[in-house]
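Here's the structure we're looking at; comments come further down.
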Amino acid sequence: MTEPTTKLDELKARYESMIGFTPPKIAKRLELGMRVDPDLVVALEDWRIAALTPKALDQKTVQLMSFAILLVQTSEAAANHAKAAIKAGATLDELHASAGIAALFRGVAAFNMAGEILAGLFPETDQSPKT
């Protein structure tokens, strides 16, 4: 069996590959879960990566969809998927369009959240993402 620490590093590496870092809340959840029930954590993370890497869709599309869905839920995780979308090649225009779709189903709250996220990722004077 793989050592829990090794497996934990592998799980964190999945986030780093997709987003560029492991979000602190996710790191805490992974660390705790690997101490308490590593089989459950690994199963959930395997399901997550399978859902987020479908053969039928490219990563940019997956991340734009994830961004919009999380905006509809007004989830702070939308920011992580905006970063992942940028990493996959999404532009400000594409992210903004995704936010518009989210606003159709959630209203101004989703669009406001998107504005806050995108303004932080795309400084006013530049159309390229903040790195």
Cβ density ranking, 10 Å radius, fewest first, applied to Ser98, Ser75 yields Ser75, Ser98
With +1 at each Lys and Arg Cβ and -1 at each Asp and Glu Cβ, the charge dipole magnitude of the chain around its Cα centre, to the nearest 20 debye, comes out at 120 debye
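Which loop trypsin sites (Lys or Arg not before Pro) in the range 1-80, with loop taken from DSSP, have no more than 11 other Cβ atoms within 10 angstrom of their Cβ?
Working: sites: Lys7, Lys12, Arg14, Lys25, Lys28, Arg29, Arg35, Arg48, Lys55, Lys60; in loops: Lys55.
Passing both the DSSP loop test and the Cβ count: Lys55.
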Between Ala109 and Thr61, Cβ-based FRET efficiency (R0 30 Å, step 0.05) works out to 0.80
Longest principal axis of the chain (C-alpha) makes with the long axis of helix 108-121 (C-alpha) an angle, in degrees to the nearest 10, of 80 degrees
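Could you work out [θ]222 nm for the chain from helices alone, using -39500 (n - 2.57) per DSSP H run of at least four and dividing by all its residues? Round to the nearest 500 deg cm²/dmol. Write out the running numbers ahead of the final one.
Values: 7 runs with 96 residues, N = 131.
Mean residue ellipticity, 222 nm, calculated: -23500 deg cm²/dmol.
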To the nearest 20 debye, the range 59-121 has a Cα-centred charge dipole, built from +1 on Lys and Arg Cβ and -1 on Asp and Glu Cβ, of 140 debye
Computed over the chain: longest principal axis from alpha-carbon atoms vs helix 59-72 long axis, angle to nearest 10 degrees, is 80 degrees
Note: Ala27 to Leu44 extended length (0.36 nm per residue) minus current alpha-carbon separation gives 4.7 nm
In the structure shown, of Lys7/Lys55; Lys60/Lys83; Lys12/Lys83, the pairs separated by more than 21 angstrom at the C-alpha atoms are Lys7/Lys55
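Throughout, read-outs are computed from the coordinates displayed, never taken from laboratory work. Predicted model only: the values in this text are computed from it and were never measured. Positions of Cβ are backbone-derived with ideal geometry, glycine not excepted, and every protein chain shown enters the neighbour counts.
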